[in-house]
Amino acid sequence: MAPRDPRRMAFSVADLLLKGEVLDRTKLAEFLEIQPAAAWGYVQAAVENIEAAKLVKPGRSQAVRLLGIRHGAPTMEVVVAACFAASLSSLFEGSAYQSKIREALDYVLDASPRPERFADFRRKFFFVRRGGEPGLSAKRKMLDGIVKAVIDSRGIDVEYLHFNEKISKIALRPLSLVIYDHQLYLLGRSDEEDGERDWLLRFSRIREVSKRQGRKFSYPAEHEFSPERLFEHSFGVFTSGDPELLEVRLHRRWASYAKSHHWHRSQEVHVDSRGVTLTMRVGICPEVEAWVLGFADEAEVIRPEHLRKMVAKRLRAAARRYDRGK
């Protein structure tokens with residue numbers, strides 16, 4: 001039976017809300033054994049006893065829940081995941097996000113009833129950084145501006161240095177910040193004469209960013225934009241080009257490595273007396289070419305034919321270069 005003292009009744013409602021319960025008039029009335037019309041007074045009293053809590057009414061219903069309240073202690077899996085995530089802080093060296101990512105882990109650990117149990121977890125679950133984002137400390141304000149533009153869905157003007165040293169000025173709708181191969185990229189869209197164009201810009205080559213006042217845009221719906229779908233057939237960070245069947249044969253000694261390594265979600269590995277055959281469906285791009293060349297004479301492109309010809313051309317040019325050096 002519910003407590004009859006008004007003060008204790010309010011604390012009982014607070015306890016339910018802190019546990020993550022979504023309460024409506026009927027549920028409250030049944031729990032407190034009072035009329036539904038009187039139930040909301042106890043909700044208000046309960047919220048007043050919870051510091052920094054916000055009362056939220058989802059949709060048009062008369063249900064209530066608390067926003068911004070932690071529900072329960074973190075599980076072991078949550079703590080391990082937070083440790084791996086916190087290791088990403090080294091990629092943001094020189095910016096405010098480095099300390100804030102670590103602070104997020106502290107938030108998770110402090111919520112544990114036994115934080116001493118996780119004292120060494122920072123060292124037990126670790127992400128090893130390779131390289132990183134050069135010059136981030138000198139571009140802290142720029143990063144802050146980009147993050148805010150992504151959060152607020154507000155357009156920006158970007159001056160960008162391309163790989164071929166050409167400079168472009170792009171009126172961009174920033175959609176996502178992406179980490180790939182230990183480096184930071186800005187993913188966005190612009191309006192072109194022939195329609196919309198997607199851009200993937202290396203943060204370190206963004207020279208300047210300025211806000212376009214009042215240019216707030218509607219963030220695209222899930223079916224219109226999804227980073228996961230955008231990179232679905234990508235071998236690396238390149239997203240251009242239709243997916244093709246890639247088939248590469250490696251020397252037999254790569255068998256164990258190939259069977260235990262995952263380059264792409266579509267890959268299949270077949271080992272026989274001729275060697276290791278790798279197949280996957282990806283967009284053919286410079287990263288695929290560089291990956292094949294990384295195996296030197298122990299890899300052969302079977303298909304597509306245009307990649308086979310390009311790799312052969314590159315290998316012949318490399319051989320001539322080394323011959324000249326003798």
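Bear in mind that the values in this text are calculations on the coordinates, not laboratory data. Predicted model only: the values in this text are computed from it and were never measured. For neighbour counting, all protein chains shown are included, and Cβ atoms are generated from backbone atoms with ideal geometry for every residue, glycine included.
Descriptive notes on the structure:
- Nearest 10 degrees, 0 to 90: helix 305-324 Cα axis against the chain principal axis: 60 degrees
- Both numbers refer to the Cα atoms of the stretch 76-124; Rg and Dmax are 10.7, 33 Å.
- For the stretch 138-221: rounded, prolate or oblate by the Cα gyration tensor [a/c cutoff 1.5]: rounded
- Put a plus charge on the Cβ of each Lys and Arg, a minus charge on the Cβ of each Asp and Glu, and nothing anywhere else: the dipole of the chain about its Cα centre is then about 880 debye.
- Residue among Arg173, Arg25, Arg122 with the largest mean-square fluctuation in a Gaussian network model of the chain, springs linking Cα atoms under 10 Å: Arg25
- Listed by chain and number, the aspartates and glutamates whose C-alpha is less than 14 Å from the C-alpha of Lys141, apart from same-chain residues fewer than 8 away, are Glu93, Glu208.
- Between Val178, Val22, Val128, the residue with the greatest mean-square fluctuation in the GNM of the chain (Cα pairs under 10 Å linked by springs) is Val22.
- Spin-label model, Arg308 to Glu159: label points 7 Å out along the Cα-to-beta-carbon direction sit 4.8 nm apart.
- Sparse packing (at most 12 other Cβ atoms within 10 Å of the Cβ) combined with a DSSP loop state is found for the following chymotrypsin sites (Phe, Trp or Tyr not before Pro) in the stretch 78-184: Phe163.
- Gyration tensor over alpha-carbon atoms, the stretch 67-200, equivalent ellipsoid semi-axes in Å: 35, 18, 12
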